[in-house]
Amino acid sequence: MKEKKKKVPQGTGKLNNNLLKRDFKTNKVLFVVSFLVLVLIIFFIYKAVVFIQNPTDTFRVEQGKIYQEERGIGYIIREETVTKGSNYKNGMEQIKSEGEKVAKDEAIFRYYSSGEDTLIKKIEDLDAKIEEAMAKEKLDFPRDVKLLDKQIEDKIVSLEKVNDMQTIKETKREIANNITKKAKIAGELSPAGSYLKKLVDERSKYENQLNEGIEALKAPISGVVSYKVDGYEEVLTPNDFSNLSTSFFEDLNLKTGQVVADSKESAKIINNFECYIACSLNSEQAKTAEVGDSVKLRLPNDTEVTGKIVHISNEEENVLIVFEINRQVKALVGYRKISFDIVWWSDSGKKIPNDAINYEEKGENKVAYITRKRGNYQDKIWIKIKRQNDKYAIVENYTREELENLGYSNEEIKARSTLSLYDEILQ
């Protein structure tokens, strides 16, 4: 028997052909898209590599400032006079605060007397008894006593609003003085042999004992008081800088930035008009510096002051320079060794990076120039370098006369371009 042929549905061949054509088109589109994506990836990778190697190929010219500076370690030298008494083992009380200005012969601190706490306690107990006895005797006190009472009351109230320890001490001292005055008046008014008179006399005896044991120290010269005595006051003096050297300072074994502790035995008066900073350096700027030059010094508190070079010692490897300053003297009182910046010079103007500067020979002259980019055009511009540090330069345009002196012709000068702020230049 003959097998029956299967009938193929009409249109099936055409459908298969259409599917094949559609698959081919889809694959073609996918191939093109994949190819474009691959090209874009390669392009972005290339741009990224170029950007990493050279972050930018242009620089916008702006007004700026450049410095030539270096970090230094400085030793503070001052005119200082230490004052110390014989009763220093008893402890001391500050009369003048740290950094306070004083005149010559003005009391700055005192030593406690032996047994002072006991004597003060006895006087305070007697003051309470005197107050009670005065109230009982009902004496007719003069107007001065009433005024003292008012002053004592006001001082006591004022203590509630004060936080400064030195002010509190001074106020308490004034209260004690007023109480003493009041007791003396009461004693004078009381009849001999009375209870009140005996209390006042006993108080006077203890007060005399207290005052006899107190040793008050006065300022030997005028200046600023400091209790930060470190023992180098007679070593680091401005009397003779020629004895100073790098090895001399290193042998002191001082710590940079360490704050000098307050002394419990002595104080000193400092000349607050000027102090000196000695520093060992080995930079080119230090080696070419001269006595009398002025520079900017940036201190640890970020304040810039003018420093005048007053001494230079050329050593085998380094240069020891002593700077004099007359500002921020009080800010350095607590230090003997600091880290600071020496700003040798600064300048401002059109600021450009050094790697944008090229040079050309013009006769015997070497002339600097940059390349400006505007759209698709590039111009060569001659520039005069005013000041330059390791990274940047401050530049300006040459004048016509300067270009003529360099050997450029009238035609070259007429055709020249000039540099302006916000120009884009090639690096």
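Values in this text are rule-based calculations from the coordinates and carry no lab data. Everything numeric here is computed off the predicted structure, so don't read it as measured data. Quick reminder, even Gly has a Cβ in these numbers, built from the backbone with ideal geometry, and neighbours come from all protein chains shown.
Selection within region 246-271: residues that are assigned to a strand (DSSP E or B) and under 22 Å from the mean Cα position of the chain (by Cα). The member of this set that is surrounded by the most Cβ atoms within 10 Å (Cβ to Cβ) is Ile270. Looking across region 323-348 at every residue that is among the charged types (D, E, K, R) and in contact with a Leu (Cβ under 6 Å, 6 or more places away or on another chain), the one that is farthest from Ala286 (Cα to Cα) is identified as Arg336. Quick check: anything in region 281-294 outside any helix (DSSP H, G or I) and closer than 27 Å to Asp262 by Cα? For region 281-294, residues outside any helix (DSSP H, G or I) and closer than 27 Å to Asp262 by Cα: absent.
Taking the residues in region 197-245 that are of a type in the set (Ser, Thr, Tyr) and in a helix (DSSP H, G or I) as candidates, determine which candidate is surrounded by the fewest Cβ atoms within 10 Å (Cβ to Cβ). My answer is Ser242. The listed residues are Lys351, Lys386, Lys380, and the only one of them that is surrounded by fewer than 17 Cβ atoms within 10 Å (Cβ to Cβ), under 30 Å from Asn282 (Cβ atoms) and of a type outside the set (S, T, N, Q) turns out to be Lys386.
Pairing each residue of region 403-427 that is within 21 Å of Ile352 (Cα to Cα) with any residue that is among the hydroxyl-bearing types (Ser, Thr, Tyr) and not in a strand (DSSP E or B), provided the two are 6+ apart or on different chains, yields C-beta distances under 7 Å for Gln427/Thr56.
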